[in-house]
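Inspection log for the structure reproduced underneath, given as structure tokens.
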Amino acid sequence: MTERIFNFSAGPAVLPLPVLEEAQRNLLSLPGAGMSVLEISHRSKTFDEIILGAEADIRKLARIPDNYRVLFLQGGASLQFSMVPMNLLPQNGSADYIITGAWSKKALKEAQRVGQVKVAATTEPDNFNRVPRSEEITLDPSAVYLHFTTNNTIFGTEWNREPDAGGAPLIADASSDIFSRPIDVSKYALIYAGAQKNLAPAGLTLVILRDDLLPRIPKGLHTMLDYNTHAKERSLYNTPPVFAIYIMRLVLSWLIEQGGLEEMERRNQAKAGLLYDAIDSSGFYRGHALPDSRSLMNITFRLPSEELEKQFVNEATKAGFDGLKGHRSVGGCRASIYNAFPREGVEALTSFMKEFQRTHG
Ligand SMILES: *Cc1c(COP(=O)(O)O)cnc(C)c1O
């Protein structure tokens, strides 16, 4: 089996084909190194160029101001649920969390183990079919930070613009929409993202944090859990995920070549638009997210019955559309269409949806 099917998986997810091809070409011997990237030392000059190049491309792509650090960590976004409060929620402080889905709830749970936390808003009563309106958010004026999830991978909702933190440092889990559109990093104190959705294979977590947070971190944290360790050692305190960073570097070059984040936003809006139009005009499919909260990355939708949903997913899989089954907490279907997901795949899915409705509707 050499043919590539359309991969709608929520993560790990589709990578750009030219990136995979380049990695394949150079897998046995990286030009100039005489060995595979899977075999090189993380202390080698070759890897130094890779990780420095990745950082430079991230800075260029997202126009990251000089007073921010870029860290390449492990443990996924899930470890950041703990590291954020361990580093930034002091014993006498309280942090605000906006709850817009399963991942925000997990972040909240870890923060509650560390210190005092307040829920500034939650859309759980609406089964997370939207993000809160600004008047629904109650900020604690003395909060040490406000945490939110930029894109809710499971429910298919996304913030159009960041919530107003009222002057508190803003912290975002951007795992599922990082670099899918321009981002004004200067509005954030810290951004983290598991890389396996939009940037790289699994095993790598990107953290972008403002310098002034570093001296506030309490002394005595475990070395590996302290942002200062990784900032000081340029993410090389221990062995980093060399291969994942190498692939991320290729993805970043691809993003720059394609026209950067403005172009990604344009394409992502067009791709998601095709699917939402297909849903809205069908009278058969029904979107889970309310229109003003719709995600450009994860499109969640239902069919008239669970029976039809099962059939839809089965037939779609047979037709070469993989990963469309929705998360059990929403049910139905979910099409994840990250940066690297091709427009042709979205067009093919909308045709499939029309045909399925014609034969089963
Ligand atoms: C996938 C995901 C996570 C979990 O990431 P891991 O890297 O598996 O820990 C957290 N937050 C969001 C928004 C996600 O989409």
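The values are calculated or read from the model by the stated rules, or taken from the named source; none is laboratory data. Computed from a prediction, not measured in an experiment: that's the story for all the values here. Quick reminder, even Gly has a Cβ in these numbers, built from the backbone with ideal geometry, and neighbours come from all protein chains shown. We work out accessible area using only protein heavy atoms, side chains counted, and drop any ligands, DNA or RNA first. Shrake-Rupley method; radii C 1.70, N 1.55, O 1.52, S 1.80 Å.
Numbers below:
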{"quantity": "Any hit, region 249-261, residues being under 30 Å from GLN91 (Cβ atoms), out of contact with any strand residue (DSSP E or B) (no Cβ under 7 Å at 6 or more places or on another chain) and in the same structural domain as LEU199 (by TED's automatic domain parsing)", "calculated": "no"}
{"quantity": "Residues located in region 53-107, provided they are near the ligand (Cβ under 10 Å from one of its atoms), without any contact (Cβ under 8 Å) to a residue 60 or more places away in the chain and open to solvent by 20 Å² or more (accessible area, probe 1.4 Å)", "calculated": "LYS106"}
{"quantity": "Residue tally, condition outside any helix (DSSP H, G or I) and in contact (Cβ under 8 Å) with a residue 40 or more places away in the chain, over region 266-286", "calculated": "3"}
{"quantity": "Odd one out for ALA348 among (1) more than 19 Å from GLY287 (Cβ to Cβ); (2) part of a loop (DSSP other than H, G, I, E, B)", "calculated": "(2)"}
{"quantity": "Single condition LYS232 does not satisfy, out of (1) under 18 Å from PHE81 (Cα atoms); (2) away from the ligand (no atom under 16 Å from the Cβ)", "calculated": "(1)"}
{"quantity": "Out of GLU262, GLU306, sole residue that is of a type in the set (Asp, Glu), more than 18 Å from the chain's Cα centre (by Cα) and open to solvent by 70 Å² or more (accessible area, probe 1.4 Å)", "calculated": "GLU306"}
{"quantity": "Considering residues of region 208-225 that are assigned to a loop (DSSP other than H, G, I, E, B) and without any contact (Cβ under 8 Å) to a residue 40 or more places away in the chain only, the residue surrounded by the most Cβ atoms within 10 Å (Cβ to Cβ)", "calculated": "HIS222"}
{"quantity": "Strands (runs of 3 or more DSSP E) wholly inside region 132-207 containing at least 3 residues that are under 18 Å from TYR68 (Cα atoms) and within 12 Å of the chain's Cα centre (by Cα)", "calculated": "190-194"}
{"quantity": "Members of region 233-245 that are in contact with a helix residue (DSSP H, G or I) (Cβ under 9 Å, 6 or more places away or on another chain) and open to solvent by 60 Å² or more (accessible area, probe 1.4 Å)", "calculated": "ARG234, TYR237, PHE243"}
{"quantity": "Given (1) within 11 Å of the ligand (Cβ to nearest atom); (2) in contact with a Lys or Arg (Cβ under 6 Å, 6 or more places away or on another chain), number of the condition ASN152 does not satisfy", "calculated": "(2)"}
{"quantity": "Residue list for region 1-47, restricted to those being in contact with a His (Cβ under 9 Å, 6 or more places away or on another chain) and either closer than 16 Å to GLU344 by Cα or exposed (fewer than 13 other Cβ atoms within 10 Å of the Cβ) (or both)", "calculated": "none"}
{"quantity": "Test for THR138: is it open to solvent by 10 Å² or more (accessible area, probe 1.4 Å), at pLDDT 95 or above and not assigned by TED's automatic domain parsing to the domain that holds SER295", "calculated": "yes"}
{"quantity": "Criterion violated by PRO12 - all others in (1) more than 16 Å from the ligand (Cβ to nearest atom); (2) out of contact with any strand residue (DSSP E or B) (no Cβ under 8 Å at 6 or more places or on another chain) satisfied", "calculated": "(1)"}
